[in-house]
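Below you'll find the structure, written out as structure tokens, and then a few comments.
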Protein chains: 2
Amino acid sequence: MKFKTEIKVIDGNPDLSFLLSENKKLFVTDENIFALKSLEKFFKNFSVLNKINSGNTQASLYSNKNNALIVIPAGEKYKTIDTVLAIIKAALAFSLTRKDIFTAIGGGVITDLTAFASSIYKRGAKVEFVSTTLLGMCDAAIGGKTGCDFEDYKNIAGTFFPADRLYVFPEFVKSLSDKEYISGLAEVIKTALLFDKKLFNLLETQKEKVLSRDSEVIYKMISLCVKAKTKIVKKDLTEKKERMLLNLGHTFGHALESRAGLGVLTHGECVAWGTCRALDLSQKLGLCSYDYFERVKKVSASYGYETDVVHKAFTDSKAILETMKNDKKNSSSKIRVILQRGLCKNIITEIEDEKILEALI
Amino acid sequence: MKFKTEIKVIDGNPDLSFLLSENKKLFVTDENIFALKSLEKFFKNFSVLNKINSGNTQASLYSNKNNALIVIPAGEKYKTIDTVLAIIKAALAFSLTRKDIFTAIGGGVITDLTAFASSIYKRGAKVEFVSTTLLGMCDAAIGGKTGCDFEDYKNIAGTFFPADRLYVFPEFVKSLSDKEYISGLAEVIKTALLFDKKLFNLLETQKEKVLSRDSEVIYKMISLCVKAKTKIVKKDLTEKKERMLLNLGHTFGHALESRAGLGVLTHGECVAWGTCRALDLSQKLGLCSYDYFERVKKVSASYGYETDVVHKAFTDSKAILETMKNDKKNSSSKIRVILQRGLCKNIITEIEDEKILEALI
């Protein structure tokens with residue numbers, strides 16, 4: 001399977017009217033996006049039709065000539081098989097064929113769910129995304145990973161199914177809460193460290209404009225992230241080699257996220273903290289300089305992330321190590337981590353528990 | 001995506017003990033196969049563990065060191081999302097990774113469900129098949145189509161996900177009921193007409209041995225079908241071109257199957273009848289000779305299939321035409337059918353309603 005998403009980064013206020021089509025289409029969004037002032041005009045094109053009940057998911061169905069719209073409840077809580085089936089029910093109600101298009105408008109939850117539903121609908125229909133979050137634009141919406149949660153497992157069911165098209169409107173990030181925006185920034189920092197010195201320089205030198213979401217700066221920042229992520233998933237869509245690099249900070253971060261209790265810390269907070277741990281480990285192993293580690297810590301801290309070795313939200317380092325050992329990405333008894341020799345000099349390796357622990361205390 | 005299934009056709013009594021593994025594996029079968037005398041020894045390797053409840057599907061879980069076995073209720077009725085999730089629950093209970101193997105032992109329902117579950121488990125684990133029905137060995141288990149039914153729709157959710165390995169034991173067909181065996185034979189006849197003169201000759205000249213399931217003849221017959229099906233799906237896995245040929249008799253057949261009421265006629269009976277209709281249409285359009293049409297009708301009738309233009313199970317030709325128009329494989333307002341100029345001379349085309357109706361009255 002190949003990554004073949006056509007991506008457009010579009011400046012200015014999001015006008016989605018060009019997405020309405022004479023051909024059949026199913027739009028999928030959530031209640032938060034549906035309520036956005038900036039999309040009021042677009043959603044006014046649709047009239048209420050009825051409700052769709054699928055297990056614990058209650059969705060609303062709207063229509064406009066040949067186009068339908070399903071609005072699902074917002075949040076990770078609804079990233080379930082029930083919601084995937086609600087989307088499929090909507091597609092069946094409108095007799096979509098496998099040549100028709102599912103259009104997701106939203107963040108990672110909506111794009112993951114819609115692409116998963118589309119990938120299994122009649123063994124694979126078409127899907128396109130309008131990403132509305134910083135995390136989505138820079139990471140989740142690029143690379144073909146689809147899925148939903150099941151029981152207590154995150155993204156345990158899913159497919160690799162790249163979207164046909166992705167529309168990125170950087171202006172959408174202005175509608176995000178500070179918490180959501182900052183959470184997304186952690187993946188931007190990670191991307192800069194891995195692949196793009198210019199982007200890292202932007203983050204180091206233009207903090208104020210990044211934080212105030214200056215139009216020019218966010219356009220630049222998001223465009224660079226899109227480019228970097230696209231390059232890596234084109235090389236290795238199914239995460240056999242290079243794509244693993246994108247897990248920088250994630251093995252540490254996921255462990256903290258799950259130990260702190262899901263929902264207590266944002267994904268971004270944990271990734272930023274985990275990235276510092278990966279670089280602390282790198283310098284302790286003599287792979288990178290202490291100065292480089294300090295430089296990364298300084299940038300992270302400047303965006304408000306906790307960078308101290310023992311995170312205040314969960315202080316038991318041994319427990320974090322235990323959780324890291326259960327990560328689904330390990331292939332042997334050692335823990336797989338991404339380390340660095342310096343900016344954009346990346347290493348995929350497996351490390352003994354004792355060494356990992358040294359970077360956690 | 002490419003078709004990459006390694007297929008072994010194995011003579012003699014099925015001994016599945018070689019499938020037990022030191023590595024983690026999840027076997028999936030149904031209650032009928034689990035009760036087969038010929039597999040008693042194999043299934044004795046497993047001990048009862050517990051029950052898995054998933055919606056309307058109640059399955060039993062067994063284990064044997066690193067290998068687990070889930071036994072699901074038999075029949076199309078259980079070809080549901082609930083059963084797919086039951087299989088995923090079993091895989092999670094045994095902490096299978098995406099490098100571990102799901103092994104389906106059964107007919108088309110079991111192989112379709114297991115491959116679907118495997119294709120979405122952690123975005124794609126490994127899957128292998130032991131096919132136990134004639135229809136499975138010659139058709140369903142080869143070609144990567146996975147899926148389950150949803151609401152009133154057959155195979156509406158699914159993926160393209162070829163098995164890593166397929167083991168074909170022709171001897172299994174001796175355990176099938178006459179009804180099931182004859183149903184499978186219709187796809188054998190279809191395959192012969194499309195791709196293999198030698199196979200058609202075997203069906204014409206060795207009817208008694210085919211019907212008595214003579215070991216040598218069924219081995220030959222199944223091997224030729226496996227070869228023909230493999231060749232076509234290697235060329236066109238996702239049914240964009242040549243693979244459509246496999247629908248010979250199916251547009252007519254599906255319409256009859258659905259109009260007669262699901263479960264009233266076997267899939268094979270309908271396909272055999274539909275194949276005769278496709279050839280009647282071919283000769284009426286001057287594409288093939290009347291003699292060829294008669295020759296095919298004679299062979300079909302010799303295996304007990306209804307070949308008359310008006311099938312006794314459903315006599316309203318116009319209603320059949322209406323159902324054909326709703327077939328998901330049509331791309332325009334015309335009906336797509338597979339026709340022939342003669343044995344192994346195939347045509348994919350679209351035909352006006354009036355012409356189709358002429359072959360139905």
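A short reminder: the numbers here are calculations on the coordinates, not readings from a lab. As the structure is a computational prediction, the values presented were derived from the model and not from experiment. Every residue, glycine as well, gets a Cβ built from its backbone with ideal geometry; the counts of neighbours run over all protein chains shown.
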Margin query: Could you tell me the relative contact order of segment A:1-92? Use alpha-carbon pairs under 8 Å, at least six residues apart, and round to a whole percent.
Written below: 29 percent
Note to self: Give me the mean projected area, in nm² to one decimal, of the convex hull enclosing the Cα positions of the protein assembly as shown.
What the structure shows: 31.4 nm²
Margin query: Considering all projection directions equally, how large on average is the shadow of the alpha-carbon convex hull of segment A:27-72, in square nanometres?
Written below: 3.1 nm²
Check: What gaps in nm, shortest first, separate B:Lys154 from its twins in the other copies when you place the label 7 Å past Cα toward the beta carbon?
Finding: 4.2
Check: Can you give the convex hull volume of the alpha carbon atoms of segment B:49-117 per residue, in Å³?
Finding: 79 Å³
Notebook entry, point to check: If the cut-off is a Cα-Cα distance under 17 Å, which lysines reach B:Lys312, setting aside same-chain residues fewer than 8 apart in sequence?
Noted result: B:Lys297
Next item on the list: Pull out a ≥ b ≥ c, the square roots of the eigenvalues of the alpha-carbon gyration tensor of segment A:278-355, then state rounded if a/c is under 1.5, prolate if not and a/b is larger than b/c, and oblate in the remaining case.
Entry: oblate
Check: Taking a threshold of 18 Å on the Cα-Cα distance, which of the pairs A:Lys8/A:Lys240; B:Lys198/B:Lys231; B:Lys37/B:Lys174; B:Lys37/B:Lys220; B:Lys197/B:Lys229 fall above it?
Finding: A:Lys8/A:Lys240; B:Lys37/B:Lys220
Item checked: All-pairs alpha carbon distance profile, segment A:118-165, 5 Å steps from 0, percent -> 5, 20, 24, 26, 18, 6, 0
Checklist line | Candidates B:Asp112, B:Asp152, B:Asp214: whichever shows maximal mean-square fluctuation once chain B is modelled as a Gaussian network with Cα springs under 10 Å | finding: B:Asp152
Note to self: Test of understanding: ordering A:Met221, B:Met137 by Cβ neighbours within 10 Å, fewest first, what list do you get?
What the structure shows: A:Met221, B:Met137
Checklist line | Longest site-free stretch - chain B; sites: GluC sites (Glu not before Pro), DSSP loop, at most 12 other Cβ within 10 Å | finding: B:152-351
Check: Can you sort A:Val168, A:Val337, B:Val48 by how many other beta carbons sit within 10 Å, fewest first?
Finding: B:Val48, A:Val168, A:Val337
Next item on the list: Averaging sequence separations of C-alpha pairs under 8 Å and six or more residues apart, then dividing by the length of chain B, give the relative contact order as a whole percent.
Entry: 14 percent
Next item on the list: Consider just the alpha-carbon atoms of segment B:225-314 and return their Rg together with their Dmax, both in angstrom.
Entry: 14.1, 38
Note to self: Can you tell me what percent of all Cα-Cα pairs in segment A:139-257 are more than 20 Å apart?
What the structure shows: 48 percent
Next item on the list: Go through segment B:250-337 and name the trypsin sites (Lys or Arg not before Pro) that are in a DSSP coil and have 10 or fewer other Cβ atoms within 10 Å of their Cβ.
Entry: B:Lys312
Margin query: With angles folded into 0 to 90 degrees, how steeply does helix A:267-284 sit against the dominant principal axis of chain A? Use alpha carbons for both and round to 10.
Written below: 30 degrees
Check: How large is the Kirkwood hydrodynamic radius of segment A:178-358, in angstrom, based on all distinct alpha carbon pairs?
Finding: 16.5 Å
Next item on the list: Kindly provide the pair-distance distribution of segment A:80-163 built from C-alpha pairs, with 10 Å bins from 0 and whole-percent values in order of increasing distance.
Entry: 21, 54, 24, 1
Item checked: Residues whose placed amide H lies under 5 Å from that of B:Val130, excluding near-sequence neighbours -> B:Ala104, B:Ile105, B:Gly106, B:Tyr167
Check: Which three lengths, in whole Å and largest first, does chain A cover when its Cα atoms are put on their principal axes?
Finding: 63, 42, 36
Next item on the list: Kindly put B:Val233, B:Val127 in sequence by how many other C-beta atoms sit within 10 Å of each C-beta, fewest to most.
Entry: B:Val233, B:Val127
Next item on the list: Determine the gain in length on full extension of the stretch B:Leu20-B:Arg98; use 0.36 nm per residue of separation and subtract their C-alpha separation, reporting nm with one decimal.
Entry: 26.3 nm
Margin query: To check my understanding: the extent here is largest minus smallest coordinate of the Cα atoms along each principal axis. What are those three numbers for segment A:6-175, in Å, largest first?
Written below: 40, 33, 28
Margin query: From the phi angles alone, apply the Karplus equation (6.51, -1.76, 1.60; θ = phi - 60°) to segment B:222-237 and give each ³J(HN,Hα) in whole Hz, x where the residue is Gly or Pro.
Written below: 5, 4, 5, 5, 4, 4, 5, 5, 4, 4, 6, 6, 5, 6, 8, 4
Next item on the list: Just the Kirkwood number for segment B:129-193, please: inverse of mean 1/r across all distinct Cα pairs, in Å, one decimal.
Entry: 13.0 Å
